Amino acid sequence: MEDIRILAIESSCDETAAAVVLNGRKALSNVISSQIALHTQYGGVVPELASRMHIEAIDHVIRAALAEADCTFDDIDAIAVTNGPGLVGALLVGVAEAKAIAFALGKPLLGINHIEGHVSANFLEHPDLEPPFLALIVSGGHTNLARVKDYGEFEIIARTRDDAAGEAFDKVARAIGLGYPGGPKIEKAARCGDPTAYPVPRGKVDDNAYDFSFSGMKSAVLNLLNHAEMTGESVRQEDMAASFQAAVVDVLCDRAVRAVKEFGEKKLVLAGGVAANGALRDGLAKALKKVRAELIVPSPVFCTDNAAMIGAATYYHYVKGERSDLSLNAVPGLEL
């Protein structure tokens with residue numbers, strides 16, 4: 001089969017990204033323009049500002065991705081774009097750009113699910129990885145456990161009933177005075193903390209042994225903070241961060257190991273922004289080793305939002321002959 005080069009665009013939240021991916025397995029370029037410095041001023045992502053920043057950055061990012069890959073538009077076989085889930089205004093910027101490029105060049109267009117992209121990021125660094133396997137997807141907006149039966153074919157085993165893990169990290173970080181973005185700041189603080197210092201419960205869902213619930217764990221932290229304030233007690237940030245992080249890691253490891261045992265899969269792929277968390281990586285590696293299963297993780301740059309993961313996911317849809325037409329729209333609640 002001839003080499004396939006896909007130009008991929010990602011703008012679902014607060015990173016404007018473009019990449020050129022070869023045959024779904026090699027990132028020839030991966031350019032990311034982050035908005036973290038802007039949104040940190042507001043303690044979280046401001047959707048309208050995110051959309052405006054995408055508009056300003058997207059042309060530059062695409063040109064940079066082509067230059068880094070030593071490509072021109074003539075070398076590109078297809079245009080891929082995240083069309084959901086995500087912030088609707090942010091998604092629309094990427095979708096409109098991809099449609100315009102595809103129309104102007106007469107190239108195939110493919111809309112791709114952002115969450116599938118996160119899982120597919122692992123293909124970029126693990127050339128022998130092929131379905132079937134289990135995937136634990138942990139990000140700011142999603143926490144899912146899925147069986148990946150084939151390329152692009154997912155069966156959701158579990159999802160969060162309330163907050164996503166990354167969202168809970170952000171809220172707890174804000175509550176204990178660490179600020180935004182919460183995940184990296186909690187991980188850093190937790191390195192100097194005692195994970196047994198505060199009693200954070202491990203969330204469970206009565207009617208589904210696999211589903212996640214992080215809202216109660218977040219509320220427990222808030223209650224501890226309120227009690228400390230009313231009684232005049234001091235709260236050590238590092239200990240609270242470590243206690244909360246340990247609770248989240250315990251829950252994620254418990255569900256993952258349970259799924260490995262039940263479904264008999266020997267590989268678990270970790271995906272999403274929270275997959276960059278070192279405590280989660282270490283906890284999963286140790287837990288899976290006990291049940292003789294392998295943990296597969298991407299490098300941190302492929303954990304957070306990027307376009308190379310979208311290009312990796314797109315390749316397998318492209319070779320199946322799938323295409324999107326110019327009616328492609330942003331779908332903020334797109335299901336996997």
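Quick notes
- Residue 77 of a type in the set (D, E, K, R), in contact with a strand residue (DSSP E or B) (Cβ under 7 Å, 6 or more places away or on another chain), in contact (Cβ under 8 Å) with a residue 24 or more places away in the chain and more than 26 Å from residue 173 (Cβ to Cβ): yes
- Per the listing 220, 247, the residue uniquely touching a helix residue (DSSP H, G or I) at 6+ places or on another chain (Cβ under 7 Å) and not assigned by TED's automatic domain parsing to the domain that holds residue 42 is 247.
- A single member of 170, 194, 211, 206 is under 26 Å from residue 85 (Cα atoms) and either out of contact with any strand residue (DSSP E or B) (no Cβ under 8 Å at 6 or more places or on another chain) or among the small types (Gly, Ala, Ser) (or both), and it is 170.
- Qualifying positions in the range 49-71 - touching a strand residue (DSSP E or B) at 6+ places or on another chain (Cβ under 8 Å) and charged (D, E, K, R): 68, 70
- Filter pass, residue 174 being more than 16 Å from the chain's Cα centre (by Cα), under 30 Å from residue 316 (Cα atoms) and not aromatic (Phe, Trp, Tyr): no
- Residue 228 being surrounded by fewer than 20 Cβ atoms within 10 Å (Cβ to Cβ) and either hydroxyl-bearing (Ser, Thr, Tyr) or not in a loop (DSSP other than H, G, I, E, B) (or both): yes
- Considered as a group, the residues in the range 304-332 that are of a type in the set (A, V, I, L, M) and part of a loop (DSSP other than H, G, I, E, B) include one that is surrounded by the fewest Cβ atoms within 10 Å (Cβ to Cβ), and that residue is 326.
- Failed criterion for residue 285 (all others in (1) within 26 Å of residue 181 (Cα to Cα); (2) in contact (Cβ under 8 Å) with a residue 24 or more places away in the chain hold): (2)
- Helices (runs of 4 or more DSSP H) fully within the range 107-190 counting 1 or more residues that are over 19 Å from residue 10 (Cβ atoms): 165-175, 182-190
The values are calculated or read from the model by the stated rules, or taken from the named source; none is laboratory data. Everything numeric in this text was worked out from a predicted model, so none of it was measured. Here the Cβ is made from the backbone with ideal geometry for all residues, glycine too, and neighbour counts use every protein chain on show.
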